[in-house]
Each structure stands twice: as C-alpha cells, then as structure tokens.
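J.: Here it is: the structure, laid out below.
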Amino acid sequence: MTEEFYPKPDEALRKRKFIEYRDFYVNKFSRDKSLKILDLGCSYGLFLDTCKHCGYLNYEGVDFDTEAVEYAQKELGLKNIFQDDLFNFLNSRSDGTYDIVTAFNVIEHIKKEQVTGLLNLIFSKIKTGGTIYIEVPNGDSPIGIHTFYSDITHEFAYTKSLITRLLKMAGFEEIKVLPNRVRSNLLIRLAQKVLAKVVGFDDKLMFSGNLVVIGTKK
C-alpha cells in the first residue's frame, strides 16, 4: 500500500525534503556528529539521507515496507535501515540507546489503544537528556483534518493538548508543539490572524497541516 499512497520520491521531492529536514530539524541538533539517531517509520529514507549529508552517520531507520527499505538502502546508499514492525524493533534494542528518536507521520498510523505503549517504549530507548521529534496531522486545524482524511491508513488525528498529554504520560518533559510551516505572505498572515482571533485559536497552529512535537527525557 505504500506505493499507492506514498510513491517513490523524484529528484524535486528529494531536494525539497532535504532543505525542509535540514532547516527545521537537523540544524537544531547538537553539533556532536556521533549522536545516535533512530528514525521510526523511515519510509524511503529521506530524513536519514539528510542526516548523512550533514555528517551524522550513527543512525538507524526502520519501516515495515520492504520496497521503501530497499529504496533507502540501494538508491540512497543508507546503512542500518531495517524492515520490521516498530514494536518488534524497539523491543530488540537496549534501553537508553538513542540520543534522538524521530517519528514523522507515524503516530497517526498506530491504533489509538497502542499509542501510549509505543510512546512508553520510545521513552525507554532514549538516553537521559535525549529528545523525541514527532510530526502528526494537526487536529486543531481544518487543513490538518483534510490531511488526516486524505489517507485511509490514518487511525487518529492529534490536537496540541492531546499529544502534549500523551508525551507527559510517557515521561517526557519540556514539550514544545510547533506548526510545521507558516505562510510568509503578509496579507495571508493578516487574514489568518483575524480569522483565528474570531474563533479563539492560535493562528499559526490553526493553519498548519501538521504539528511538530518535541519532548526531552530528563
């Protein structure tokens, strides 16, 4: 089903995602290139390819889809990319293994009764002082709801308050919830601010398709 909903990336998409991942995520990482990074649901490996090109070579990725994993291995030359169920893979790793765990557009595919177990498992595999980065469809936004219902494999949408509560329950602290991108056109931003004020929402989050969630293990 991955090929139907998520076709193999072309060169234009690879370049666009490289810039997005580099500027929004990788540039915020510690400059210690030995960081141990795990990308859950790594798909075609575009995030880890960005990490590699930025000098981070101590990485692992896992995805259930064989074709996506093979693409990451053969087309991008990524090592340590595994085909496995996320729960099986995490249970095979020692506690406190990773400095950074990412899960971009993954949590919404997990059945809601399994989400707390997955977050608890991720928490146990992160080192003290390590960080989780999550991206999910934004349940506080009409754009996010459209994103959610555009994929039949999605199980649940997440609001800022819900995803914050779930990460706190798993043990994460210093939780930040951010819009994944904000429009730069001043007239559009003004219109967004006015509309958001009318309905009592945060204007940036209201018009963001996805939520970016960051939590720390203290």
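The values are calculated or read from the model by the stated rules, or taken from the named source; none is laboratory data. Please read all numbers here as calculations on a predicted model, not as lab measurements. Ideal geometry is used to build each Cβ from the backbone, glycine not excepted, and the neighbour counts take in all protein chains shown. Only protein heavy atoms, including side chains, enter the accessible area calculation; ligands, DNA and RNA are left aside. Shrake-Rupley method; radii C 1.70, N 1.55, O 1.52, S 1.80 Å.
J.: Run down LYS15, LYS52 and say which single residue is open to solvent by 20 Å² or more (accessible area, probe 1.4 Å), out of contact with any strand residue (DSSP E or B) (no Cβ under 8 Å at 6 or more places or on another chain) and either part of a helix (DSSP H, G or I) or at positive phi (or both).
T.: Working: LYS52 fails: out of contact with any strand residue (DSSP E or B) (no Cβ under 8 Å at 6 or more places or on another chain).
Within the list LYS15, LYS52, the selection yields LYS15.
J.: Which number in (1) over 15 Å from LEU40 (Cβ atoms); (2) among the aromatic types (Phe, Trp, Tyr); (3) in contact with a Lys or Arg (Cβ under 7 Å, 6 or more places away or on another chain) marks the one condition that PHE123 misses?
T.: (1)
J.: Go through segment 99-150 and give me each residue that's open to solvent by 60 Å² or more (accessible area, probe 1.4 Å) and among the small types (Gly, Ala, Ser).
T.: Once the filter is applied, which keeps residues that are open to solvent by 60 Å² or more (accessible area, probe 1.4 Å) and among the small types (Gly, Ala, Ser), segment 99-150 yields only SER150.
J.: Let me ask something else about it. Tell me whether segment 171-187 contains one or more residues that are modelled with pLDDT of 85 or more, under 14 Å from LYS112 (Cα atoms) and of a type outside the set (Gly, Ala, Ser).
T.: Here is the first cut: in segment 171-187, the ones modelled with pLDDT of 85 or more are 171-178.
From the residues that got through so far, the ones that are under 14 Å from LYS112 (Cα atoms) too are none.
There is no residue in segment 171-187 that is modelled with pLDDT of 85 or more, under 14 Å from LYS112 (Cα atoms) and of a type outside the set (Gly, Ala, Ser).
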